[in-house]
Structure formats: structure tokens, C-alpha cells
Amino acid sequence: MRTAQTGDGHSRQIGRGDAVDPTNTKRGDYSVRTVSALVVSALAVSLLGAGKPHDAITGKVVAIADGDTLTVLDDAKVQHWIWLAGIDAPERKQAFGTKAREALAAKVFGKAVRVELIDTDRNKRKVGRLYLGDRFINLELVQDGFAWRYPPGDKAGEFIAAQRDAREHRRGLWADADPEAPWEFRRWRRGASGRPLAPLPK
């Protein structure tokens, strides 16, 4: 025999064969329902917290400025100046600058692409992740040795492994014994011109 709480607040003895009313929510059953409701609420909050997907641009690549900057013409005939997020390609007047530009052009010039927008930089360029079908072009450029991982734009370390692999296999700019990072090149040029030096990326 054991004691069970009834719906009217009284107790009664029940045997092993007696049925327990599943609608009784006065005691233990109430806690189960409360936990279930909390779990459902937490799941809903989690889904909402996942955030909305990034805004995206789809269109045709109509210009390549350098190894990490291009122009996309969308279906409304609006041009978008895009800087590829998380990477930094050699400058035009830097070693491998021309090859980096040619590498990007070979991949996407004249082709339909998708850009997931992340931010807008101080030069009014849209910052984004570039896709050609399922190919992630930002990552490919680092893998091929035509762009560096840019630490301020890759705080999660997404491109660390790709850069390490390119360096170990001496692909692209890593064929040089001591390649100069683009931000160091820009800093040197700025200093040589007498302008204030920009801080090095961390």
C-alpha cells in the first residue's frame, strides 16, 4: 500500500492494482508539467537567439580591383563594392599583388556569385563572404596562397588551418622565403609618406 494525493487535497491509501488519475496535477505531476514547459520555452529562446541570417547579395562579378576586392552587379543593376571578409591579399605594388588579383579573377570574374554581408568598412566597402555555388572563395584564396588570414576579421580563427597548410606547402606568396604581410606593407608606405602609422592588426 502507498499514499496518494487526491484532487480535493485529501490523502487515500491505494494498492498495487489501483489506477492513478493522470489528470491529478496537484503535487508531483505539476512539477513534471512545469519542467516540460521550461524546456519548451528554453528551446524557443534558443531558436530565436540563433539570429537572422546575414543579408546577401547575388549578382555577377563585373570588376576585380585587387586580390580581395571586387564589384558585384545585382539583378537591379546596382553595383556593390565588396571586400572579402577575414582575408588580406597582397597590394598591387607588392610581390604577388598582380598574381593575387589574377587568381581572384580566374575564379569569379563574369560569374554569378553570392555574397553574405557582414559589415561595412571605413572605405564604404561592404565586407562579406563570397560564394561561387558551394565554393567559399575567401577560404580558397588563403588555401592557394594568394591571401593572408587577416586577424581582425578572423577572430574565430576560421582561416588559420588553411594558411598553415599553404605555408607548409609553399603555395603562392609563401614561395618567398620571407613574405611581407599586406598590412605591414601599407604601414611602411604610410610611414614613408609622412602620414601617421596605422596600428598593426592583432
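We did not get these values from a lab; they are worked out from the coordinates using the rules stated. Everything numeric here is computed off the predicted structure, so don't read it as measured data. Counting neighbours? That spans all protein chains shown, and the Cβs are built from the backbone with ideal geometry, glycine included.
Would you mind checking K60/K126; K93/K155; K111/K155; K93/K126; K60/K124; K77/K155 for any pair whose Cα atoms are more than 25 angstrom apart? Kindly include the intermediate steps, with their values, before the conclusion.
Details: K60/K126 16 Å; K93/K155 27 Å; K111/K155 30 Å; K93/K126 23 Å; K60/K124 20 Å; K77/K155 34 Å.
Over 25 Å Cα-Cα: K93/K155; K111/K155; K77/K155.
List the relative contact order of segment 56-192 as a percent without decimals, with contacts defined as Cα pairs under 8 Å and 6+ residues apart.
Details: 262 pairs, mean separation 32.7, N = 137.
It rounds to 24 percent for segment 56-192.
Sorted from fewest to most neighbouring beta carbons within 10 Å, what does the list E168, E102, E91 look like? Spell out each step's value before the answer.
Details: E168 9, E102 15, E91 20.
The fewest-first ordering by Cβ neighbours comes to E168, E102, E91.
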Which length gain, in nm to one decimal place, applies between T98 and N123 when the Cα-Cα distance is subtracted from 0.36 nm times their residue separation? 6.8 nm
Using a simple spin-label model with points 7 Å from Cα along the Cα→Cβ vector, what separation in nm is obtained for R189 and H169? 3.0 nm
Under Karplus coefficients 6.51, -1.76 and 1.60, residue-wise ³J(HN,Hα) of segment 87-97 in Hz, glycine/proline x: 10, 9, 8, x, 5, 4, 8, 9, 4, 6, x
How far is it, in nm, from the label point at V78 to the one at A112 when both lie 7 Å from their Cα along the line to the Cβ? 2.0 nm
